[in-house]
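Visitor: Here it is, the structure in full.
The values are calculated or read from the model by the stated rules, or taken from the named source; none is laboratory data. If you're wondering where the values come from, they're calculated on a predicted model, not measured in any experiment. Here the Cβ positions follow ideal geometry from the backbone for every residue, glycine too, while neighbour counts run over all protein chains shown. Please note that ligands, DNA and RNA were not included when accessible areas were found on the heavy atoms of the full protein model with its side chains. Shrake-Rupley method; radii C 1.70, N 1.55, O 1.52, S 1.80 Å.
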Amino acid sequence: MATTAEAGPKVTPDMRAELSAEQVGHLRHFENLLAQPPNDWSLMQGKGMGQDDFGGYRFQLAYLTYALALTHAHRLPAAPGVFKPMFERAIEKMLLPEVWIYWKDTSRGGAVFNQHLSDTYREEYDPVARDNIMYSAYVQSMALLFNYLFDDDRYARPGALSFNFYTPFWGGPPKRFEYDQNTLNEHIYWLMVENGYLGVACEPNCVYQICNQPAILGFRMHDLVTGGAVADEVTRAYERAWADFGRLDENGHYNMMMFQDSKAITPNRGSWPWVDAWCGALMNMWNRDLVRANYPGQLANLVDRADDGTVSVRPGEPFLLAGNPVVGDACDHGWVSVWAAEMGDTETLRGLLAHADRYMGPRWRDGGLYYPRNDQRADADGHRTEMEPMSGNVLLAYARLNVEDGFWKLYNQPWGPGHHTEPALTSVAADLDVTRAYYDPERRELVFTLVGRADRAGDGAVLLAHLDRAGDGWALWLDDRVVARGRRGGEVAAEGDGVDVRRTGDGVRLVGPAGGPHRYTLRFDGEMAEEMAEEMAEEVAE
Amino acid sequence: MSPVNPALRPVPGSPVGARFDLVDHHGERVDNATYRGHHVLVFFGFTHCAMVCPRALGKLSAALDDLGPAAEEFRALYVTVDPERDTPEVMKAFLERSYPRFTGLTGTAKEIDAAKGEFRVFARRTEDPDGLEPYVVPHSAITYVLDRSGAFRTHFTEALEADEVAARLTAVLDAEAR
């Protein structure tokens, strides 16, 4: 499956639209969770224990980060200052031992279905050394997304992705496992090769289709950063390898996993909605035809549509292993919402979100919007009410923030080389929301909307960078009036009350009036800097 | 692990150890040191392979043909993942008949497993879906390039066409010349 690598439109209707109050609320909730001190996992604790299930912190941090990436790429491409700090904090949290230390026990492979292999597995502290793609691929893809989105290779430095563990009471001496985005990417690639491109295992001996998709995203981001073609190689080989087994089961649902030793396939025998939804939402990035062809039939068996337009997800069968119930967070409503969003199935997505808003108790807290955990499966009238932290913190937000084919576009329509030198908001004060931010190269306009937050302390400033490259001079419009002007490399001056602009580097620091929304347009005139003109010409040629 | 020449340490940080200690299709013991002074192409497969090996060996042979005299800078090795059937004699007959640029390498099951581990090769014995052979051994189709010291340099996959392979090999020589 060759990557399309086509140029997407520079400005889309999703970029021109303002973020809704709910979308802003979700971003604020992400920020709230990420601002919690280390090992404060408030609101993130699910039903499962020991970070063993699909509601674990690693999944919440990873998909929160993916949602940030999609929102930045497709809605606010000129606002890296909104997203970059959150990305950094998410990666920092992802490296905390609380997130990954489960692996020292899981690595021993003590599952009932692996008893015949128990002598071959040993305790492993290094969380990315073998298997555990359900963690390693997220670290890899998050770091590489960061490099791609922010043109910052800080995680490429030796040891930048290090896993440190020490407790004085068990586990022996301090442990440190050093990687960076390149060594981790290469390591995962070779693990993939060793297993014939079928994928790397999660728990020992268990290769999930779903959990290998983030690794493919990571390979693609690495290719975009380095100019390689590993993602093409891996996806072609993955398709060929799985052709022997079938990607779908006899009922048309995605096969869930394969046992590495016997190559026996485990279908989605519990009719679990999350299997199709999670797999489809991710795999759409490189295998859109397959995903789209199967989506309607798969979805039809998984949802119920009410007369009022709300849509709910039918629960799958209880997960039993050797007769024992497995307690964990399935996140069906969240995953199906994410899937519908990626498919651009607006009617279903609206119905799912309407159901969540009506029956799943949305709550605003510290300015952020989320759906609190609720272990009760349904209310007295039979409406499904169960809500897991993974869905309530992350997945419903992700669904609301993504656009049709969001992952596909991220993968196939990368930004051109000039993107990172275009005018942009590279720093945003804590007391501001940004609800729109794009640069239109044809009109030579940086368009953005700022809304002040009374509930947060801050200096109300944004840094508008890369202005000198884009033209000889500019005028900043606030709604229908000019409020400031500037010349390349020269003075900047405010023209009106309530606006303060000061030159800083190749841009300006802007403080506007409180409240809002305030809709700004920064229009350039004169000649573009030669460098930028060349980069734009390259993009057009491509 | 099979004993390997301890002087041939993997390149620090290299994802592929690339060490081997096997028997060539003339019955001689060989390891990385045997081919010192030449770049080495290494491809793993088995002589009963119906599709992947003939395609890869043919493509690699064509790429070496394209290089002209520069092909002398390379030695091409075909390492079996099926030591039970691929004796030195079987490999010699197979390669000399159709792919004379290649030298076949085999060994005990333990030695082959060690080499597979070093090169991180995937291979698994399974039933032949076509029922033509008692068994088949589907395997990864990666060509490894070792440098003149016997250390792993680069690799490429079966997705490349012969002219692209030739270009990659030329690039290896060019990089060395710089």
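Visitor: Please average, across the residues of A:190-198, the number of beta carbons from any other chain that are within 10 Å of each residue's own beta carbon, and give a whole number.
Guide: Values: counts 5, 2, 2, 10, 7, 4, 8, 4, 1.
Average per residue, whole number: 5.
Visitor: If you line up the Cα atoms of the stretch A:209-312 on their principal axes, what length do they span on each, largest first, in Å?
Guide: Taking max minus min along each principal axis of the Cα atoms, the stretch A:209-312 gives 51, 35, 19 Å.
Visitor: Note the angle between two axes, namely the Cα long axis of helix A:288-300 and the longest principal axis of the Cα atoms of chain A, as a number of degrees from 0 to 90, rounded to the nearest 10.
Guide: 70 degrees
Visitor: Would you mind calculating the relative contact order of the stretch A:151-287 from Cα pairs under 8 angstrom and at least 6 residues apart, reporting the percent as a whole number? Spell out each step's value before the answer.
Guide: On the way: 154 pairs, mean separation 23.9, N = 137.
Relative CO of the stretch A:151-287 lands at 17 percent.
Visitor: Then there is this: How high is the relative contact order of the stretch A:308-401, in percent, counting Cα pairs under 8 Å that sit 6 or more residues apart? Write out the running numbers ahead of the final one.
Guide: Working: 125 pairs, mean separation 29.1, N = 94.
Rounded, it is 31 percent for the stretch A:308-401.
Visitor: Related question: Can you work out ³J(HN,Hα) from phi for every residue in the stretch A:153-170, in order, using Karplus 6.51 cos²θ - 1.76 cosθ + 1.60 and θ = phi - 60°, giving whole Hz and x for Gly and Pro?
Guide: Karplus-based 3J(HN,Hα) across the stretch A:153-170 equals 9, 4, 8, 8, 5, x, x, 5, 10, 10, 10, 10, 9, 7, 10, x, 10, 7 Hz.
Visitor: Additional query: May I ask you to derive the FRET efficiency for residue A:243 and residue A:354 from their Cβ-Cβ distance with R0 = 51 Å, giving the value to the nearest 0.05? All intermediate terms of the calculation are to be shown ahead of the outcome.
Guide: Values: r = 40 Å, r/R0 = 0.78.
Rounded to the nearest 0.05, the efficiency is 0.80.
Visitor: Scanning chain A for chymotrypsin sites (Phe, Trp or Tyr not before Pro) in DSSP loops with at most 10 other Cβ atoms within 10 Å, what's the longest stretch left with none?
Guide: A:171-542
Visitor: Give the shape of the stretch A:241-289 as rounded, prolate or oblate, defined through the alpha-carbon gyration tensor: a ≥ b ≥ c are the square roots of its eigenvalues, a/c under 1.5 means rounded, and otherwise the shape is prolate if a/b is larger than b/c and oblate if not.
Guide: The shape class here is oblate.
Visitor: Please give the solvent-accessible surface of residue B:149 in Å², to the nearest 10, using a probe radius of 1.4 Å with every protein chain present.
Guide: 60 Å²
Visitor: What does the helix-only formula give at 222 nm for chain A: each DSSP H stretch with n ≥ 4 adding -39500 (n - 2.57), the total divided by the residues, and the result rounded to the nearest 500 deg cm²/dmol?
Guide: After summing the helix terms and dividing by the residues of chain A, the value is -11000 deg cm²/dmol.
Visitor: Find the centroid of the Cα atoms in the stretch A:460-478 and in the stretch A:286-352, then give the distance between the two in whole Å.
Guide: Centre-to-centre distance over Cα atoms comes out at 44 Å.
Visitor: Filter the GluC sites (Glu not before Pro) in the stretch A:6-50 down to the DSSP loop ones having no more than 10 other Cβ atoms within 10 Å, then list what survives.
Guide: A:6
Visitor: Shifting gears a bit: Under 1.5 on a/c is rounded, so check that first for the stretch B:1-154, then, if it is not, pick prolate when a/b is larger than b/c and oblate when it is not; a ≥ b ≥ c are the square roots of the alpha carbon gyration tensor eigenvalues.
Guide: Oblate is the answer for the stretch B:1-154, as a/c is 1.5 or above yet b/c matches or exceeds a/b.
Visitor: May I pose another question? In whole Å, how far is the Cα centre of the stretch A:194-237 from that of the stretch A:106-183?
Guide: Result: 16 Å between the Cα centres.
Visitor: Pairs of Cα atoms under 8 Å, at least six residues apart: use those to get the relative contact order of the stretch A:120-204, whole percent.
Guide: Computed over the stretch A:120-204, the figure is 32 percent.
Visitor: Amide H of residue B:77 versus every other amide H placed in the peptide plane: which residues, excluding those fewer than 5 positions away on the same chain, fall under 5 Å?
Guide: Placed amide hydrogens put B:41, B:42, B:43, B:103 under 5 Å from residue B:77.
Visitor: Right, another one. Using the Karplus curve 6.51 cos²θ - 1.76 cosθ + 1.60 with θ = phi - 60°, work out ³J(HN,Hα) for each residue of the stretch A:95-106 in order, rounded to whole Hz, and write x for Gly and Pro.
Guide: Each residue's phi maps through the Karplus curve to give 8, 5, x, 4, 6, 10, 5, 3, 5, 5, 8, 4 Hz.
Visitor: Next question. Assuming a ≥ b ≥ c are the square roots of the Cα gyration tensor eigenvalues, decide whether the stretch A:101-205 counts as rounded (a/c under 1.5), prolate (otherwise, with a/b larger than b/c) or oblate.
Guide: It comes out oblate by the Cα gyration axes.
Visitor: Starting at 0 and stepping by 5 Å, how many percent of the alpha carbon pairs of the stretch B:51-115 end up in each bin?
Guide: Calculated P(r), rounded to whole percents: 4, 18, 25, 23, 17, 9, 4, 1.
Visitor: Of all the C-alpha pairs in the stretch A:400-538, what % are more than 20 Å from each other? Could the numbers behind the result be given before it?
Guide: On the way: 4606 of 9591 pairs.
Percent of Cα pairs beyond 20 Å in the stretch A:400-538: 48.
Visitor: If you stretched the chain out fully between residue A:178 and residue A:259, how much longer would it get, using 0.36 nm times the residue separation minus the C-alpha to C-alpha distance?
Guide: 26.2 nm
Visitor: Mind jotting down the distance between the C-alpha centroids of the stretch B:76-124 and the stretch A:245-278, whole Å?
Guide: 35 Å
Visitor: Here's a follow-up. Can you list the trypsin sites (Lys or Arg not before Pro) in the stretch A:117-174 that are in a DSSP coil and have 16 or fewer other beta carbons within 10 angstrom?
Guide: Taking the stretch A:117-174 and a limit of 16 other Cβ atoms within 10 Å, the loop trypsin sites (Lys or Arg not before Pro) found are A:122.
Visitor: Continuing with the same structure: Once amide H atoms are placed 1.01 Å from N in the peptide plane, what residues at a sequence separation of 5 or more from residue A:287, or on another chain, have their amide H within under 5 Å of its amide H?
Guide: For residue A:287, no residues qualify.
Visitor: Another question about this same structure. For the stretch B:132-178, which GluC sites (Glu not before Pro) are in a loop by DSSP, counting at most 14 other Cβ atoms within 10 Å?
Guide: Here the GluC sites (Glu not before Pro) that fit, given the DSSP loop and packing criteria, are B:161.
Visitor: So for the protein assembly as shown, Kirkwood radius off the Cα pairs, Stokes-Einstein at 37 °C and 0.692 mPa s: how many µm² s⁻¹? Display every interim value, and only then the final one.
Guide: Working: Rh = 27.9 Å.
The Stokes-Einstein estimate is 118 µm²/s.
Visitor: Could you go through the stretch A:270-277 in sequence order and give the Karplus-derived ³J(HN,Hα) for each residue, using 6.51 cos²θ - 1.76 cosθ + 1.60 with θ = phi - 60°, rounded to whole Hz, and x for Gly and Pro?
Guide: Whole-Hz 3J(HN,Hα) from phi for the stretch A:270-277: x, 6, 7, x, 4, 5, 5, 5.
Visitor: Within a 10 angstrom radius of each residue's Cβ in B:119-127, how many Cβ atoms of other chains show up on average? Whole number is fine.
Guide: 3
Visitor: If amide H atoms are built 1.01 Å from N in the plane of the peptide, which residues on other chains or at least 5 residues away come under 5 Å of the amide H of residue A:248?
Guide: Hits under the 5 Å cutoff: A:255.
Visitor: Heavy atoms of the protein only, probe of 1.4 Å, neighbouring chains included. What is the accessible area of residue B:130 in Å², nearest 10?
Guide: Surface open to solvent at residue B:130 totals about 110 Å².
Visitor: While we're on this one: Roughly what % antiparallel, to the nearest 5, for the DSSP beta bridges in the protein assembly as shown? Write out the running numbers ahead of the final one.
Guide: Working: 79 of 90 bridges.
Antiparallel bridges make up about 90 percent of those DSSP assigns within the protein assembly as shown.
Visitor: Translational diffusion coefficient of the stretch A:383-451 at 25 °C, 0.890 mPa s, Stokes-Einstein with Kirkwood Rh over Cα pairs, in µm²/s as a whole number.
Guide: Answer from the Stokes-Einstein relation: 160 µm²/s.
Visitor: Something else: Quick one: accessible surface of residue A:10, probe radius 1.4 Å, all protein chains present, in square angstrom to the nearest 10.
Guide: 70 Å²
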